[in-house]
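See structure below.
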Amino acid sequence: MHNFRKTLFNTVSKSRRKVCGKPEQIIRRMSVIDYPSDEKMLSKFQIPKGIMGQPTCHTHPHLIEPDFLTCGITQMEYRERRETLVQKLAAEVHNEHQSHIIVIPAASKQYMSDKIPYVFRQNSDFFYLTGCLEASAILVMVKPAQTSHFKSILFVHDKDEHAELWEGPRTGCHAAARLFAVDEARPIGNFPSYLSQVASSTRPSILWSPRDANREVNDLLAPVWQAGAASGDPQKALHVMRSIKSPAEKELMKETCYIGSQAINMAMAVTKPGVSEHYLTAVLDYSARASGAEHPAFPPVVAGGARATHIHYVTNNQLLNADEMVLVDSGSQRWLYNSDISRTWPVSGKFTKHQRILYELILNVQKRLIQILGEHRPALDQLFDSMCRLLGKHLQQEGILPRNIDGNDLVGKAYRLCPHHVSHYLGIDVHDTPLVRRHMPVKTDMVVTVEPGIYIRPDDTSVPPEFRGIGIRIEDDVLITDGEPLVLTASCVKEPDDVEAVVGKHSL
Ligand SMILES: [Mn+2]
């Protein structure tokens, strides 16, 4: 708290630690996986020099340390992920006479209007398996029957002087094979002919591709299915993998959570009566980018007064009044990893009596839920059930809900006041790995949010008038460990006295 100003603009990259070791060291540790160990293959685990289609440790040493493909993650780690996925999918089928063709497309560019692109965001599954930031590329993995070996082929846009004049440099096929440590890189235009050739030579085969792949790619896959290939969806297995964070991913999560926390601290510090929600939105954006985020994780909620009772309020265009609180739900994306944090604070810098009662109530529920995560490692759906029970009990103790209801009635009333889930997985997507169901117990190295809230509409006559028109949410990002859960957003101010000490103490 007291170092708040000092830490405000510390960029995270200065404090990064190496977490993976150099690629050669990792190869030595990886004895279980049977990789070719000849010189030619080892030379693939080097980042080629020269200008590529994305930052490398040579061209952007301020973003990526030597020998890493993307920030904190080695070529070897991406290779291991591909290996694990192929093994998992092959194991799902239990038929060694089947061959497997796995197709994972990159995202394509999206346009807001003619020739005006949105900021490009890579497909999360594709990025997780390749580290490649190119639009409309395709990863293909082919595992023939009766062998554990497989080949990774990356289809990319080849070098093209004219296109590069407009769009900037491309990696191209020659460098892509070495940069992404795949067996081959080929021009994207050759994908259909390659696919039909490989499908006819590896029959009977299973073609694995995500169900939500874009239509263009699906059209290209159609002939393979028409030729009799079985189909499978690789996403479930991928999401299970992605839900457990590697040591390198845990460091990336710590960093994005730190950046997101400082952005909210900054927004809190510049809040004063009369400031607009829009201004706080700009401060969140500025602070996150200035400390190393690519951009916000999602359009933030900055909701003053009763607007906080609309859970997805993102219009953010009103002025903040002295007697109200403001609810902020915001996060940052750094190297594609996201934070997701909510805080609520009084615009004047001083909670009113009733605001403080409700704030402390939600804070106590939130802290207890974090403890429960460590003590019982429940499924997230169970955690939601715990929230409804705790919220109901506390609201009754404060006389906000009537004392003559109990059991399911009380839980139902609490649910009505907090109708959103209390937790989701977090990582390369904000609502990460949706195919990992929330009725499974949490596991070590998952990152989850803990976000109880309360939303009392101004016209809710079932609640005493002094509490109406108040919306509060407190959300932290939590790493599940073998011991106590680790709150990755602990540097984001949360205790009511600390909140009061920060609000309005800084002006830009
Ligand atoms: Mn959330």
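The values are calculated or read from the model by the stated rules, or taken from the named source; none is laboratory data. Bear in mind the structure is a predicted one, so any value in this text is a computation, not a measurement. Note that we place each Cβ from the backbone using ideal geometry, even for glycine, and neighbour counts take in every protein chain shown.
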Legend entry - Hits in segment 382-412 - residues which are outside any helix (DSSP H, G or I) and of a type in the set (A, V, I, L, M): 400, 401, 405
Inset, instruction - Kindly check whether there is at least one residue in segment 372-387 that is modelled with pLDDT of 95 or more, touching a strand residue (DSSP E or B) at 6+ places or on another chain (Cβ under 9 Å), among the charged types (D, E, K, R) and within 30 Å of residue 122 (Cβ to Cβ). - result: no
Inset, instruction - Confirm whether residue 272 is within 22 Å of residue 351 (Cβ to Cβ), part of a loop (DSSP other than H, G, I, E, B) and at pLDDT 95 or above. - result: yes
Legend entry - segment 394-436, subset of a type in the set (A, V, I, L, M) and in contact with a Leu (Cβ under 6 Å, 6 or more places away or on another chain), residue nearest to the ligand (Cβ to nearest atom): 422
Inset, instruction - Considering only segment 448-472, state which residues are hydrophobic (A, V, I, L, M, F, W, C) and either within 16 Å of the ligand (Cβ to nearest atom) or under 30 Å from residue 337 (Cβ atoms) (or both). - result: 448, 450, 454, 472
Inset, instruction - State whether one or more residues within segment 374-384 are over 17 Å from residue 466 (Cα atoms) and buried (at least 22 other Cβ atoms within 10 Å of the Cβ). - result: yes
Legend entry - Criterion: in the same structural domain as residue 102 (by TED's automatic domain parsing), touching a residue at least 40 places away in the same chain (Cβ under 8 Å) and either outside any loop (DSSP other than H, G, I, E, B) or surrounded by fewer than 20 Cβ atoms within 10 Å (Cβ to Cβ) (or both) - qualifying residue of 252, 221: 221
Inset, instruction - Taking the options 327, 358, 320, name whichever one is in contact (Cβ under 8 Å) with a residue 24 or more places away in the chain, within 15 Å of the ligand (Cβ to nearest atom), of a type outside the set (D, E, K, R) and farther than 16 Å from residue 477 by Cα. - result: 327
Legend entry - Only one of 293, 282, 213 that is of a type in the set (Gly, Ala, Ser) and either over 20 Å from the mean Cα position of the chain (by Cα) or in a helix (DSSP H, G or I) (or both): 282
Inset, instruction - Might you check whether a residue that is modelled with pLDDT under 95, in a helix (DSSP H, G or I) and closer than 19 Å to residue 106 by Cα occurs anywhere in segment 195-208? - result: yes
